[in-house]
Amino acid sequence: MSTAASAKLNKVALVTGSSSGIGLGIARQLAAAGYDLMLHGLMDVTEGQAMAASFAEQHQVRSSFSDADLRDPTAVKALVEQCIEELGSVDILVNNAGIQHTERLEDFPEQKWHDIIAINLNSAFFAMQAAIPAMRERGWGRIINIASVHGLVASAQKSAYCAAKHGVVGLTKVAALENADAGITVNAICPGWVETDLVKPQIQAIADQQSVSYEQARAELVGQKQAMTSMTQPAMLGALAVFLCSDDAATMTGTALPVDGAWTSQ
Ligand code: NAD
């Protein structure tokens with residue numbers, strides 16, 4: 001654990017998959033707002049601990065790191081326990097870790113199906129199961145599940161991803177209902193295109209197939225689905241997460257919030 005100063009808000013946020021992309025953007029915004037941070041992701045532990053130390057120093061919060069593989073439910077529970085042990089609690093849980101694989105249903109590799117369901121859906125369930133009891137005891141909690149527009153609508157070649165993300169939206173609603181009596185809000189954020197490592201291979205595949213530049217391929221990919229052709233930035237989702245954690249969002253629960261350039265308006 002890295003300690004630069006005492007916590008500003010005395011609340012701890014655990015953000016799964018915060019070693020890159022959207023999770024990192026959310027972790028940065030939460031730390032900047034004064035929340036202590038449990039960082040997590042599949043990266044070298046020494047580098048992860050260095051990242052936690054730099055968060056602590058830059059934002060004057062406490063910070064720690066875990067490289068738990070969330071395909072394993074035991075590791076998910078251990079991650080929540082590590083956060084409580086090292087930072088004292090899990091007041092804010094952001095279930096963000098996720099992977100993607102695109103292929104037609106009949107060709108979809110069995111192991112990819114299991115991995116996507118395990119990381120994108122099951123880990124959110126097991127993390128909530130581990131974190132909610134103490135949130136209920138304290139009478140305060142914020143759970144933010146990073147779903148996707150694919151929790152609301154489908155795209156071809158994304159069977160496991162759409163199944164997992166629709167599951168996350170349903171799980172969010174149930175958890176919101178069950179914990180509405182305990183000061184806990186549970187919401188899903190449903191981004192459209194956000195340029196991260198998860199999406200770059202999809203852009204590169206179009207560039208390769210059509211022999212066009214990466215930038216042309218990106219414009220085509222986004223324009224196929226979104227009315228607005230610019231991609232959402234991870235920091236924008238971080239700002240939304242900070243709002244959901246605030247007192248102003250105390251009654252906002254059970255929602256699935258699209259941030260999608262009007263993708264799902266059509
Ligand atoms: P990313 O690849 O940049 O980050 C994924 C994170 O998940 C990383 O920290 C990685 O280490 C972690 N992770 C992957 N496999 C793991 C495993 N087995 N165990 C533990 N952690 C693991 O991707 P991203 O785009 O930032 O995606 C973050 C979330 O946002 C995902 O749930 C994704 O489905 C969702 N999302 C992304 C987009 C987009 O356009 N990028 C759109 C909608 C939703």
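The values are calculated or read from the model by the stated rules, or taken from the named source; none is laboratory data. These figures come from a predicted structure and were not determined experimentally. Heads up, the Cβs are rebuilt from the backbone with ideal geometry, glycines too, and the neighbour counts pull from every protein chain shown. We work out accessible area using only protein heavy atoms, side chains counted, and drop any ligands, DNA or RNA first. Shrake-Rupley method; radii C 1.70, N 1.55, O 1.52, S 1.80 Å.
Annotations for the structure displayed:
- For segment 137-175, the set of residues classified as out of contact with any helix residue (DSSP H, G or I) (no Cβ under 8 Å at 6 or more places or on another chain) and either buried (at least 24 other Cβ atoms within 10 Å of the Cβ) or not assigned by TED's automatic domain parsing to the domain that holds L30 (or both) consists of T172 only.
- Selection within segment 93-108: residues that are of a type in the set (V, I, T) and part of a loop (DSSP other than H, G, I, E, B). The member of this set that is modelled with the highest pLDDT is I99.
- Options D208, D181; residue that is open to solvent by 20 Å² or more (accessible area, probe 1.4 Å) and in the same structural domain as G238 (by TED's automatic domain parsing): D181
- If you go through segment 46-92 and keep only what is part of a helix (DSSP H, G or I), within 24 Å of T185 (Cβ to Cβ) and open to solvent by less than 10 Å² (accessible area, probe 1.4 Å), you end up with V76, L79, V80, C83, L87.
- Applying the condition of being among the β-branched types (V, I, T) and not in a strand (DSSP E or B) to segment 115-167 and asking which residue is nearest to D36 (Cα to Cα) yields I132.
- Restricting A27, A33, A5 to those that are modelled with pLDDT of 95 or more and more than 16 Å from the ligand (Cβ to nearest atom) reduces the list to A33.
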